[in-house]
Amino acid sequence: MTPDGKPVNGGSAEDQDIDSVPLYRKKRIVIPMVLLVAAALAGAWYWYENLREYVSTDDAFIDGNRVSISSKVLGRIDTLTVDEGMEVHASELLVQLDDADARASEAQAKASLEYARQSVVLANVNLDKSRDDYQRAQKQYAGSIIPKEQLDHAQKAFEAARAQLDISSAQVTSAEAQLGVIETQLQNMTIVSPMNGVVAKRWVLPGDVVQPGQPILTIYDNRDIWVTANLEETKLSSLKLGDPVEISVDAYPGHTYRGVVFQFGSNTASQFSLIPPNNASGNFTKVTQRVPVKVSIERDSTAADPRGDLLLPGMSVEVKVKVH
C-alpha cells in the first residue's frame, strides 16, 4: 500500500491485510460469538421458565403398600389359589398348607379332652362316696363304735378324693388348652389375603415345604400408590407440604401427571443402606444426602388417561416441585 492508501503493484482492495479488517466482519469470530450468546440466552430462558421456581429430580419412583405373605408354621404347600398378576381381595383364600398331621393331632387332643372330662365325673363320684364314709365314720366314732384310726383313714380318703377332683379339673383345662393350640395351628394352615391388591411375586410352588416366616407371595396395593422422590437435603428448605408437583413417568413419555407433596421423610435414605455411613470416622468425606419425599398422584389425572391403571410400583419417574 502507498501512503495514500492505493494498492501497490496493481493489487486490489480484496487483498487488504487481515489485521485491518474490523471484528464484525471476521466470520470465524462473529459466528462462534453469536452461537455462544444464543446458547446463553436459551439457557437463561430455560432456567427462567423451568428451573427458577422448581425443584426437580430424576431419583424417584412409584411406590405403594406392600405385604409379604408367609407361613407362621412349618408345612408343605397343598394348594396355591392365585398366581402372579392376579387381583386378590381381603380375606380371600391364598394358600392352603397340608393339614393332615394337624388333623390327627386334633383328633388325639379331642380324645384326651373327653378322657379328662370323664375323669372329672369319676372323681366326683369318688368324692361323694368318701364324703359319705367320712361323715358316717364321724358318727360312729362319736358313738365309740370305731377307733380313732378308722376315723383318720376316712378323713384322709375324703381329702384324697377332693384332691383327685382338683387334678381331674386341671387336666380338663390343660386338654382344652392343648386343643386350642392345635386348632390355632389348623387355622394357620389356611392363609388369606390381608388386603385388596395384586399378586406381584410368587416365591414358591405347590409341594414346596415352607419355613415359618418364609415368603410365599408378595402383594401390592396398586390402588393406593404414590411417588417417593429422593431430593437433595440442600433443596428441602424451599419445600413445604401441599406444593404442587409435575410427574413424568418414563414408561409414558409426553404425559404429565399431577400431585402434591404430602410427607417428608424422617431420615435420609442412606440410613437404610446395608452399611450406614459413619460420619465420625477419620476419613470422612462430606456427601450431599438425599431425603425421601412422598408425592401423591391425583386420581383425576390417572383416570383421565387409560394408562393410569398401569402405574406400577417401581416405575422410574421424574418430578418437578413448584416452590413459592
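Can you flag which of Lys72/Lys294; Lys240/Lys320; Lys201/Lys235; Lys72/Lys110 are past 25 Å Cα-Cα?
Working: Lys72/Lys294 33 Å; Lys240/Lys320 14 Å; Lys201/Lys235 36 Å; Lys72/Lys110 23 Å.
Correct reply: Lys72/Lys294; Lys201/Lys235.
Show me, for the range 63-80, the HN-Hα J-couplings you get by feeding each phi into the Karplus relation (A = 6.51, B = -1.76, C = 1.60, θ = phi - 60°), rounded to Hz, glycine and proline as x.
Each residue's phi maps through the Karplus curve to give 10, x, 5, 9, 10, 9, 7, 9, 8, 8, 10, 6, x, 9, 6, 8, 9, 10 Hz.
Output ³J(HN,Hα) for the range 156-168: one whole-Hz value per residue in order, computed from phi by the Karplus curve 6.51 cos²θ - 1.76 cosθ + 1.60 with θ = phi - 60°, and x for Gly and Pro.
Once rounded to whole Hz, the list reads 5, 5, 5, 5, 5, 5, 5, 5, 5, 5, 4, 5, 5.
Which cross-chain or sequence-distant (5 or more) residues have an amide H under 5 Å from the amide H of Ser70, H modelled 1.01 Å from N in plane?
When sequence neighbours closer than 5 places are left aside, the close amide H contacts are Ile216.
Suppose every Lys and Arg Cβ carries +1 and every Asp and Glu Cβ carries -1, with no other charges. What dipole size does the range 99-187 come out with about its Cα centre, to the nearest 20 debye?
500 debye
Kirkwood hydrodynamic radius (Cα pairs, Å) of the range 95-239?
Values: mean 1/r = 0.0460 Å⁻¹.
One over the average 1/r among Cα pairs gives 21.8 Å for the range 95-239.
Taking θ = phi - 60°, what integer Hz values does the Karplus form 6.51 cos²θ - 1.76 cosθ + 1.60 yield along the range 260-271, in sequence order, with x for Gly and Pro?
Along the range 260-271, the couplings run 9, 6, 10, 6, 9, x, 8, 6, 7, 5, 5, 5 Hz.
Order by neighbour count: Lys286, Lys129, fewest other Cβ atoms within 10 Å first, most last.
Numbers: Lys286 6, Lys129 13.
Ranked by crowding around the Cβ, least crowded first: Lys286, Lys129.
At a 10 Å Cβ-Cβ cut-off, how would you order Met189, Met315, fewest neighbours first?
On the way: Met189 20, Met315 17.
In order of increasing Cβ crowding within 10 Å: Met315, Met189.
Each value in this text was obtained by applying a stated rule to the coordinates, not by laboratory testing. Quick caveat, the model's predicted, so the values are computed rather than measured. No Cβ is skipped: glycine too gets one built from the backbone with ideal geometry, and neighbour counts run over all protein chains shown.
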